[in-house]
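Report on the following structure.
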Amino acid sequence: MRYIVHTLGATASAAALVLSGLAAGTAQADAAGDTGLYTPSALVLTVGRGEAAETATVERAVTLNCAPTPGGTHPSARSACAEITTVNGEFARLTHTSDRPCTLEWDPVTITAAGVWEGKRVDWSATYGNSCEMRESMNGSTVFAF
C-alpha cells in the first residue's frame with residue numbers, strides 16, 4: 001500500500017511540473033507574439049521590353065519589402081511602400097491617363113509586380129506602347145521609377 005501511495009505522489013508531482021512548464025511556455029509565446037507578428041509584404045518589380053509579361057525581356061528588376069520595415073533593392077523603398085499602401089495594394093490605381101504627348105513609336109514596355117502584399121498573393125502587369133507612355137501614366141510615382 002505504501003508503494004502505491006508513494007507512486008501516486010511522484011506521479012502527481014511530475015504532472016504538476018509538466019503543467020506548470022506548459023503554462024510558462026504559453027505565457028512566453030503570447031508575450032513574444034505581441035511584438036513579433038506582422039503581415040508580410042514583399043514584391044519583385046520589373047520593367048521589360050515586350051508586349052506581355054510572359055514574353056517580355058526584363059531590363060530592370062528590384063525587390064521591395066514593406067513589412068516590417070521598408071527595404072530591398074528599390075532605390076526609394078519608403079516612398080514606394082507608402083504609395084502602394086495608399087492604393088491598398090491595387091497596382092492599377094497607381095496609373096493615370098496623362099495629357100502629355102508621347103511619340104506614337106511602338107516599342108512596348110511591360111511592368112510587373114509579383115509577390116505578397118499584406119499577406120495576399122500579387123501577380124499584376126501592365127503594358128504600354130513605349131517608355132514615354134509608361135512614365136507619363138505613372139505620373140511621378142516612385143514604385144516603378146528604378
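Per-structure values
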quantity	calculated
Inter-label distance for Thr39 and His96, nm, one decimal - labels placed 7 Å from Cα along Cα-to-Cβ	2.6
Residue order, fewest to most beta carbons within 10 Å, for Asp99, Asp107, Asp123	Asp99, Asp123, Asp107
Full-stretch length increase - Trp106, Thr57 - with 0.36 nm per residue and alpha-carbon distance subtracted	16.1 nm
Neighbour-count ranking [beta-carbon atoms within 10 angstrom, fewest first] of Leu37, Leu45	Leu37, Leu45
Neighbour-count ranking [beta-carbon atoms within 10 angstrom, fewest first] of Tyr128, Tyr38	Tyr38, Tyr128
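Since every read-out is calculated from the coordinates, none of them should be taken as a lab result. Quick caveat: nothing in here was measured; it's all calculated off a predicted structure. Every residue, glycine among them, receives a Cβ derived from its backbone with ideal geometry; neighbour counts consider all protein chains shown.
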